[in-house]
Amino acid sequence: MRIDVNGESRELAAATVAEALDELGWTGARVATALNGDFLPASARAVQTLREGDRLEVLAPMQGG
Amino acid sequence: MREFYGVTLANALMLGTAQYPSPAVMQAAFRDSGASVATVSLRREAGQGQAFWDIIRDLGVRVLPNTAGCHSAREAVTTARMAREMFETNWIKLEVIGHADTLQPDPFGLLEAAEILTREGFEVFPYTTEDQVLAQRLLDAGCRVLMPWGAPIGSGLGLNNRYGLRMLRAAFPEVPMVIDAGLGLPSHAAEAMEMGFDAVLLNTAVAQAGDPAAMARAFALAVQAGQLAHAADPMGPRDMAAPSTPVIGKAWL
(Lines give C-alpha, C1' and ligand atoms only; values in the text may rest on other atoms or scores of the structure.)
Protein backbone atom coordinates (compact mmCIF):
# COMPACT_ATOMS: atom_id res chain seq x y z
CA MET A 1 0.00 0.00 0.00
CA ARG A 2 1.08 3.58 -0.48
CA ILE A 3 2.24 5.38 2.64
CA ASP A 4 3.52 8.91 2.84
CA VAL A 5 6.89 8.69 4.66
CA ASN A 6 8.52 12.00 5.59
CA GLY A 7 6.68 13.68 2.75
CA GLU A 8 7.51 11.05 0.10
CA SER A 9 5.03 8.54 -1.21
CA ARG A 10 6.35 4.99 -0.69
CA GLU A 11 4.97 1.58 -1.64
CA LEU A 12 5.27 -0.63 1.45
CA ALA A 13 4.39 -4.24 2.22
CA ALA A 14 4.45 -3.57 5.98
CA ALA A 15 1.25 -3.99 7.97
CA THR A 16 2.43 -2.12 11.07
CA VAL A 17 4.58 0.92 11.78
CA ALA A 18 7.29 -1.28 13.30
CA GLU A 19 7.40 -3.37 10.11
CA ALA A 20 7.49 -0.20 8.03
CA LEU A 21 10.54 1.04 9.92
CA ASP A 22 12.26 -2.30 9.28
CA GLU A 23 11.32 -2.18 5.60
CA LEU A 24 12.66 1.36 5.30
CA GLY A 25 16.00 0.37 6.83
CA TRP A 26 15.51 2.02 10.22
CA THR A 27 15.70 -1.13 12.32
CA GLY A 28 17.15 -0.17 15.71
CA ALA A 29 17.61 3.48 14.69
CA ARG A 30 17.06 6.18 17.27
CA VAL A 31 13.97 7.77 15.78
CA ALA A 32 10.67 9.21 17.00
CA THR A 33 7.48 8.62 15.05
CA ALA A 34 4.23 10.41 14.35
CA LEU A 35 1.29 8.97 12.44
CA ASN A 36 -1.14 11.35 10.74
CA GLY A 37 0.09 14.23 12.88
CA ASP A 38 -0.10 12.48 16.24
CA PHE A 39 2.83 11.22 18.28
CA LEU A 40 3.19 7.46 18.09
CA PRO A 41 5.27 6.12 21.02
CA ALA A 42 7.90 3.49 20.26
CA SER A 43 5.97 1.04 22.42
CA ALA A 44 2.93 1.31 20.12
CA ARG A 45 4.69 0.80 16.80
CA ALA A 46 4.37 -2.99 16.77
CA VAL A 47 0.59 -2.90 17.19
CA GLN A 48 -0.19 0.21 15.15
CA THR A 49 -1.49 -0.94 11.78
CA LEU A 50 -1.09 1.11 8.62
CA ARG A 51 -3.76 2.13 6.15
CA GLU A 52 -3.54 3.34 2.59
CA GLY A 53 -2.59 7.01 2.49
CA ASP A 54 -1.33 7.23 6.09
CA ARG A 55 1.25 9.92 6.79
CA LEU A 56 4.22 8.64 8.74
CA GLU A 57 6.87 10.99 10.10
CA VAL A 58 10.19 9.50 11.19
CA LEU A 59 12.33 12.04 13.01
CA ALA A 60 15.88 11.94 14.32
CA PRO A 61 18.01 14.11 16.63
CA MET A 62 19.24 17.17 14.79
CA GLN A 63 21.08 20.44 15.38
CA GLY A 64 18.94 23.14 16.94
CA GLY A 65 19.05 26.57 18.51
CA MET B 1 21.91 30.83 40.71
CA ARG B 2 18.24 30.00 40.44
CA GLU B 3 17.04 26.49 39.75
CA PHE B 4 15.49 25.48 36.46
CA TYR B 5 12.88 22.88 37.37
CA GLY B 6 15.00 21.75 40.31
CA VAL B 7 18.28 21.80 38.38
CA THR B 8 21.04 24.19 39.37
CA LEU B 9 23.28 24.89 36.41
CA ALA B 10 27.00 25.37 36.98
CA ASN B 11 27.15 27.83 34.09
CA ALA B 12 24.45 30.27 33.02
CA LEU B 13 25.32 29.93 29.34
CA MET B 14 23.08 27.78 27.17
CA LEU B 15 24.25 27.12 23.63
CA GLY B 16 22.54 26.00 20.47
CA THR B 17 24.06 23.23 18.36
CA ALA B 18 23.20 24.47 14.84
CA GLN B 19 25.14 26.31 12.12
CA TYR B 20 28.70 25.45 13.24
CA PRO B 21 31.28 24.91 10.49
CA SER B 22 31.83 21.35 11.78
CA PRO B 23 30.96 19.08 14.71
CA ALA B 24 34.53 19.50 15.99
CA VAL B 25 34.12 23.28 16.15
CA MET B 26 30.83 22.83 18.02
CA GLN B 27 32.52 20.53 20.52
CA ALA B 28 35.29 23.11 21.00
CA ALA B 29 32.72 25.84 21.61
CA PHE B 30 31.12 23.78 24.39
CA ARG B 31 34.46 22.80 25.86
CA ASP B 32 35.93 26.31 25.86
CA SER B 33 32.81 28.00 27.24
CA GLY B 34 31.70 25.41 29.78
CA ALA B 35 28.12 25.92 28.55
CA SER B 36 25.78 23.81 30.66
CA VAL B 37 22.88 23.22 28.30
CA ALA B 38 22.67 22.28 24.60
CA THR B 39 19.55 22.90 22.57
CA VAL B 40 18.66 20.31 19.96
CA SER B 41 15.82 19.62 17.57
CA LEU B 42 14.05 16.83 15.72
CA ARG B 43 14.02 16.66 11.97
CA ARG B 44 13.20 14.07 9.33
CA GLU B 45 15.77 11.29 9.48
CA ALA B 46 18.13 11.63 6.54
CA GLY B 47 21.05 9.57 7.75
CA GLN B 48 22.93 11.95 10.05
CA GLY B 49 20.72 11.81 13.13
CA GLN B 50 22.38 8.87 14.84
CA ALA B 51 25.93 10.30 14.61
CA PHE B 52 24.71 13.69 15.82
CA TRP B 53 23.09 12.10 18.86
CA ASP B 54 26.41 10.43 19.79
CA ILE B 55 28.19 13.80 19.59
CA ILE B 56 25.59 15.48 21.80
CA ARG B 57 25.75 12.73 24.39
CA ASP B 58 29.52 13.04 24.54
CA LEU B 59 29.24 16.77 25.37
CA GLY B 60 28.08 15.73 28.84
CA VAL B 61 25.68 18.67 29.17
CA ARG B 62 21.94 18.82 29.75
CA VAL B 63 19.87 18.62 26.60
CA LEU B 64 17.03 21.06 25.92
CA PRO B 65 15.00 19.93 22.88
CA ASN B 66 13.11 22.64 21.02
CA THR B 67 9.97 22.81 18.93
CA ALA B 68 11.60 25.18 16.44
CA GLY B 69 9.67 25.87 13.28
CA CYS B 70 6.28 24.90 14.71
CA HIS B 71 3.54 27.35 13.75
CA SER B 72 0.64 25.83 15.68
CA ALA B 73 0.03 24.50 19.17
CA ARG B 74 -0.83 21.09 17.70
CA GLU B 75 2.47 20.83 15.82
CA ALA B 76 4.43 21.98 18.86
CA VAL B 77 2.68 19.53 21.20
CA THR B 78 3.30 16.59 18.87
CA THR B 79 6.95 17.62 18.42
CA ALA B 80 7.39 17.95 22.20
CA ARG B 81 5.98 14.48 22.79
CA MET B 82 8.34 13.04 20.19
CA ALA B 83 11.28 14.95 21.68
CA ARG B 84 10.56 13.65 25.18
CA GLU B 85 10.78 10.08 23.98
CA MET B 86 13.84 10.75 21.84
CA PHE B 87 15.92 12.74 24.32
CA GLU B 88 14.55 11.20 27.52
CA THR B 89 13.91 14.53 29.24
CA ASN B 90 10.83 16.43 30.37
CA TRP B 91 12.51 19.70 29.42
CA ILE B 92 11.15 21.36 26.31
CA LYS B 93 11.96 24.72 24.77
CA LEU B 94 8.51 25.57 23.54
CA GLU B 95 8.48 27.64 20.38
CA VAL B 96 5.25 28.41 18.58
CA ILE B 97 6.14 30.83 15.82
CA GLY B 98 3.59 33.44 14.83
CA HIS B 99 5.29 35.33 12.04
CA ALA B 100 7.64 34.13 9.31
CA ASP B 101 9.75 37.31 9.11
CA THR B 102 10.19 38.15 12.77
CA LEU B 103 9.93 34.55 14.08
CA GLN B 104 7.97 36.23 16.85
CA PRO B 105 6.21 33.88 19.26
CA ASP B 106 2.48 33.33 18.68
CA PRO B 107 1.26 34.11 22.21
CA PHE B 108 -2.07 32.34 21.76
CA GLY B 109 -0.61 29.12 20.37
CA LEU B 110 2.18 29.26 22.93
CA LEU B 111 -0.23 29.42 25.85
CA GLU B 112 -2.43 26.69 24.43
CA ALA B 113 0.55 24.35 23.95
CA ALA B 114 2.02 25.22 27.37
CA GLU B 115 -1.26 24.31 29.08
CA ILE B 116 -1.37 20.91 27.39
CA LEU B 117 2.29 20.10 27.94
CA THR B 118 2.49 21.06 31.62
CA ARG B 119 -0.55 18.85 32.26
CA GLU B 120 1.42 16.01 30.69
CA GLY B 121 4.36 16.55 33.03
CA PHE B 122 6.60 18.49 30.67
CA GLU B 123 8.92 21.11 32.15
CA VAL B 124 8.29 23.90 29.72
CA PHE B 125 10.74 26.66 28.80
CA PRO B 126 8.41 28.93 26.79
CA TYR B 127 10.03 31.15 24.18
CA THR B 128 8.04 34.30 24.77
CA THR B 129 8.08 38.07 24.42
CA GLU B 130 8.56 40.55 27.26
CA ASP B 131 4.75 40.84 27.59
CA GLN B 132 3.86 40.71 31.29
CA VAL B 133 0.28 39.59 30.78
CA LEU B 134 1.40 36.66 28.67
CA ALA B 135 4.09 35.86 31.25
CA GLN B 136 1.46 35.66 33.99
CA ARG B 137 -0.74 33.43 31.83
CA LEU B 138 2.20 31.12 31.14
CA LEU B 139 2.95 30.90 34.86
CA ASP B 140 -0.74 30.22 35.56
CA ALA B 141 -0.55 27.43 32.98
CA GLY B 142 2.19 25.77 35.03
CA CYS B 143 5.40 27.10 33.46
CA ARG B 144 8.04 27.63 36.14
CA VAL B 145 10.64 29.16 33.81
CA LEU B 146 10.25 31.93 31.22
CA MET B 147 12.40 32.57 28.18
CA PRO B 148 11.80 36.13 26.95
CA TRP B 149 13.45 37.08 23.70
CA GLY B 150 16.21 39.64 23.50
CA ALA B 151 15.51 40.35 19.83
CA PRO B 152 14.26 38.31 16.85
CA ILE B 153 16.03 34.96 16.41
CA GLY B 154 19.31 35.26 14.54
CA SER B 155 19.19 39.07 14.39
CA GLY B 156 22.09 39.74 16.77
CA LEU B 157 20.46 43.01 17.85
CA GLY B 158 20.84 42.39 21.58
CA LEU B 159 18.20 43.54 24.06
CA ASN B 160 15.66 45.20 21.84
CA ASN B 161 13.31 46.41 24.56
CA ARG B 162 15.28 47.09 27.73
CA TYR B 163 12.36 48.80 29.41
CA GLY B 164 10.04 45.86 28.78
CA LEU B 165 12.61 43.33 29.94
CA ARG B 166 13.37 45.34 33.07
CA MET B 167 9.65 45.54 33.88
CA LEU B 168 9.26 41.80 33.30
CA ARG B 169 12.20 41.02 35.58
CA ALA B 170 10.80 43.29 38.28
CA ALA B 171 7.27 41.89 37.97
CA PHE B 172 8.35 38.29 38.60
CA PRO B 173 11.48 38.47 40.75
CA GLU B 174 11.33 34.81 41.80
CA VAL B 175 10.79 33.26 38.39
CA PRO B 176 13.90 31.85 36.67
CA MET B 177 14.26 33.63 33.33
CA VAL B 178 16.50 32.93 30.36
CA ILE B 179 17.10 35.56 27.71
CA ASP B 180 16.73 33.59 24.52
CA ALA B 181 17.39 34.75 20.98
CA GLY B 182 18.74 37.87 19.35
CA LEU B 183 22.01 38.23 21.25
CA GLY B 184 24.90 39.16 18.98
CA LEU B 185 27.74 40.16 21.29
CA PRO B 186 29.06 39.16 24.70
CA SER B 187 28.19 42.66 25.93
CA HIS B 188 24.51 41.86 25.23
CA ALA B 189 24.79 38.76 27.41
CA ALA B 190 26.56 40.68 30.16
CA GLU B 191 23.80 43.29 30.09
CA ALA B 192 21.10 40.64 30.41
CA MET B 193 22.84 39.14 33.42
CA GLU B 194 23.44 42.58 34.97
CA MET B 195 19.68 43.16 34.74
CA GLY B 196 19.13 40.09 36.85
CA PHE B 197 18.24 37.48 34.26
CA ASP B 198 19.35 34.01 35.23
CA ALA B 199 20.82 32.64 32.04
CA VAL B 200 21.18 33.35 28.34
CA LEU B 201 20.60 31.07 25.37
CA LEU B 202 22.25 31.77 22.04
CA ASN B 203 23.36 30.02 18.92
CA THR B 204 24.04 32.14 15.84
CA ALA B 205 26.31 34.67 17.57
CA VAL B 206 28.71 31.86 18.44
CA ALA B 207 28.25 29.44 15.56
CA GLN B 208 28.59 32.09 12.86
CA ALA B 209 31.54 33.93 14.43
CA GLY B 210 34.89 33.65 12.66
CA ASP B 211 36.18 31.67 15.63
CA PRO B 212 33.18 30.06 17.33
CA ALA B 213 35.13 28.50 20.22
CA ALA B 214 36.74 31.84 21.13
CA MET B 215 33.38 33.61 20.87
CA ALA B 216 31.76 30.99 23.07
CA ARG B 217 34.44 31.60 25.68
CA ALA B 218 33.91 35.37 25.38
CA PHE B 219 30.17 34.88 26.00
CA ALA B 220 30.90 32.66 29.01
CA LEU B 221 33.15 35.33 30.54
CA ALA B 222 30.57 38.03 29.83
CA VAL B 223 27.84 35.97 31.47
CA GLN B 224 30.02 35.46 34.51
CA ALA B 225 30.88 39.17 34.70
CA GLY B 226 27.24 40.18 34.39
CA GLN B 227 26.21 37.69 37.04
CA LEU B 228 28.85 38.97 39.47
CA ALA B 229 27.86 42.57 38.74
CA HIS B 230 24.20 41.89 39.44
CA ALA B 231 25.01 40.16 42.71
CA ALA B 232 27.22 43.12 43.65
CA ASP B 233 24.23 45.52 43.43
CA PRO B 234 25.20 48.05 40.76
CA MET B 235 24.83 51.79 41.29
CA GLY B 236 21.95 53.57 39.62
CA PRO B 237 22.60 55.96 36.73
CA ARG B 238 22.18 59.73 37.24
CA ASP B 239 22.04 62.64 34.84
CA MET B 240 24.35 65.05 36.68
CA ALA B 241 28.03 64.56 37.46
CA ALA B 242 29.05 63.69 41.02
CA PRO B 243 32.74 64.08 41.83
CA SER B 244 34.37 60.89 43.01
CA THR B 245 37.47 62.60 44.45
CA PRO B 246 36.71 64.31 47.80
CA VAL B 247 36.00 68.05 47.49
CA ILE B 248 36.88 68.74 51.12
CA GLY B 249 40.58 69.37 51.63
CA LYS B 250 41.24 70.61 48.14
CA ALA B 251 43.97 73.29 48.18
CA TRP B 252 43.22 76.97 47.44
CA LEU B 253 45.51 77.67 44.52
Subset of the stretch B:90-104, residues out of contact with any helix residue (DSSP H, G or I) (no Cβ under 8 Å at 6 or more places or on another chain) and either under 29 Å from residue B:6 (Cβ atoms) or buried (at least 23 other Cβ atoms within 10 Å of the Cβ) (or both), comes to B:91, B:93, B:97
Only one of B:154, B:142 that is open to solvent by 20 Å² or more (accessible area, probe 1.4 Å) and at pLDDT below 95: B:154
Residue check: is residue B:123 away from chain A (no Cβ under 13 Å), over 22 Å from residue B:198 (Cα atoms) and either in contact with a strand residue (DSSP E or B) (Cβ under 6 Å, 6 or more places away or on another chain) or of a type outside the set (Phe, Trp, Tyr) (or both)? no
Give me the pairs: first residue in the stretch A:1-30 and farther than 13 Å from residue A:54 by Cβ, second residue among the charged types (D, E, K, R) and assigned to a loop (DSSP other than H, G, I, E, B), beta-carbon distance under 6 Å, and six or more apart or on different chains, which are they? A:18/A:45
It is to be established whether one or more residues within the stretch B:188-207 are out of contact with any Phe, Trp or Tyr (no Cβ under 6 Å at 6 or more places or on another chain), open to solvent by 50 Å² or more (accessible area, probe 1.4 Å) and assigned to a loop (DSSP other than H, G, I, E, B). no
Has the stretch B:126-143 got any residue that is out of contact with any helix residue (DSSP H, G or I) (no Cβ under 8 Å at 6 or more places or on another chain) and among the acidic types (Asp, Glu)? yes
Tell me, which residue of the stretch A:32-58 that is facing another protein chain (nearest Cβ under 7 Å) and more than 9 Å from the chain's Cα centre (by Cα) is most open to solvent (accessible area, probe 1.4 Å)? A:38
Keeping to the stretch A:1-23, report how many residues are open to solvent by 30 Å² or more (accessible area, probe 1.4 Å), under 23 Å from residue B:48 (Cβ atoms) and either part of a loop (DSSP other than H, G, I, E, B) or of a type in the set (Asp, Glu) (or both). 5
Could you go through the stretch B:227-248 and let me know if any residue there is at pLDDT 95 or above and open to solvent by less than 10 Å² (accessible area, probe 1.4 Å). no
Restricting attention to the stretch B:1-21, and to residues there that are open to solvent by less than 40 Å² (accessible area, probe 1.4 Å) and either within 12 Å of another protein chain (Cβ to nearest Cβ) or among the charged types (D, E, K, R) (or both), which single residue is nearest to residue B:58 (Cα to Cα)? B:17
With respect to residue B:175, determine if the residue is within 14 Å of another protein chain (Cβ to nearest Cβ), closer than 16 Å to residue B:12 by Cα and either out of contact with any strand residue (DSSP E or B) (no Cβ under 9 Å at 6 or more places or on another chain) or crowded, with 16+ Cβ neighbours inside 10 Å (or both). no
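The values are calculated or read from the model by the stated rules, or taken from the named source; none is laboratory data. Values in this document were obtained by computation on a predicted structure and should not be read as measured data. For neighbour counting, all protein chains shown are included, and Cβ atoms are generated from backbone atoms with ideal geometry for every residue, glycine included. Protein only, heavy atoms only, side chains kept; ligands, DNA and RNA dropped before computing areas. Shrake-Rupley method; radii C 1.70, N 1.55, O 1.52, S 1.80 Å.
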